[in-house]
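The block underneath contains the structure these notes are about, expressed in structure tokens.
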Amino acid sequence: YDRGRWMAPGGLLLAHQMAERLALAPGSTVIDLGCGLGQSSVFLATAYGASVVSLDLWVSAEDRRHAAAAAGVGGRITPLQGDIRRGLPRECPPVDAIFCLQAFHTFGTHRGLLQYLATLVRPGGRLCVAQGCFSEEPGEMRPPFTNTDGWDVRYDTYHSPAWWRAH
């Protein structure tokens, strides 16, 4: 799918499993949170007929707009560039679901974020997060885990399931 360009490990399989858990149907509205290059947004629009707000901080909205148009789903994807910790534009209506594939570790520890996300979802809506994590807290991170030759993978933002439950 998408010639292997998925940024997240296990991308397509996880996206499918998440969409099934969210019970997405044609016409569902979804926020694809931390969507990277937007492949997951295109997948949700193509495979499930969803209308998607595609939000990422690092990949430009314009790049994702072009990718959606090239895939033939430009009319179902609204690409936004920004940081969810600063909120969405006020005119964004409530959605049926929030989808977050392998990105939650980058913003999920922000105080009050889950409460804010809950305000974005219609009553009965759902939030699905698929996130790599450690089976137990690793303690102090040492090189090479803190610096990988110019690409900081931020292993210190990955936690155990117990840590996330407590958070």
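The values are calculated or read from the model by the stated rules, or taken from the named source; none is laboratory data. These figures come from a predicted structure and were not determined experimentally. Here Cβ is always computed from backbone atoms with ideal geometry, including for glycine, and neighbour counts include all displayed protein chains. Areas reflect the complete protein model, heavy atoms only, side chains present, ligands, DNA and RNA absent. Shrake-Rupley method; radii C 1.70, N 1.55, O 1.52, S 1.80 Å.
Rundown of residues vs (1) more than 13 Å from the chain's Cα centre (by Cα); (2) closer than 16 Å to Gly125 by Cβ; (3) at pLDDT 95 or above, yes/no style:
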| position | (1), (2), (3) |
| --- | --- |
| Gly34 | no, no, no |
| Ser40 | no, no, no |
| Val53 | no, yes, yes |
| Gly74 | yes, no, yes |
| Thr78 | yes, no, yes |
| Pro89 | yes, no, no |
| Cys92 | yes, yes, no |
| Phe99 | no, yes, yes |
| Gln102 | no, no, no |
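Among the residues in the range 105-125, are any more than 30 Å from Ala166 (Cβ to Cβ) and over 16 Å from the mean Cα position of the chain (by Cα)?
Just the residues of the range 105-125 that are more than 30 Å from Ala166 (Cβ to Cβ), to begin with: none.
No: the range 105-125 contains no residue that is more than 30 Å from Ala166 (Cβ to Cβ) and over 16 Å from the mean Cα position of the chain (by Cα).
Taking the criterion of being without any contact (Cβ under 8 Å) to a residue 24 or more places away in the chain and over 22 Å from Ala50 (Cβ atoms), the only residue of the range 63-89 that qualifies is Arg86. If you go through the range 15-47 and keep only what is without any contact (Cβ under 8 Å) to a residue 40 or more places away in the chain, in a helix (DSSP H, G or I) and either touching a Phe, Trp or Tyr at 6+ places or on another chain (Cβ under 8 Å) or farther than 21 Å from Leu88 by Cβ (or both), you end up with His16, Glu20, Gln39, Thr46, Ala47.
Can you list the strands (runs of 3 or more DSSP E) found entirely within the range 76-132 that contain at least 1 residues being open to solvent by 10 Å² or more (accessible area, probe 1.4 Å), touching a Cys at 6+ places or on another chain (Cβ under 8 Å) and among the β-branched types (Val, Ile, Thr)? Working first, answer last.
Numbers: elements: 77-81, 95-101, 121-130.
Qualifying strands (runs of 3 or more DSSP E): 121-130.
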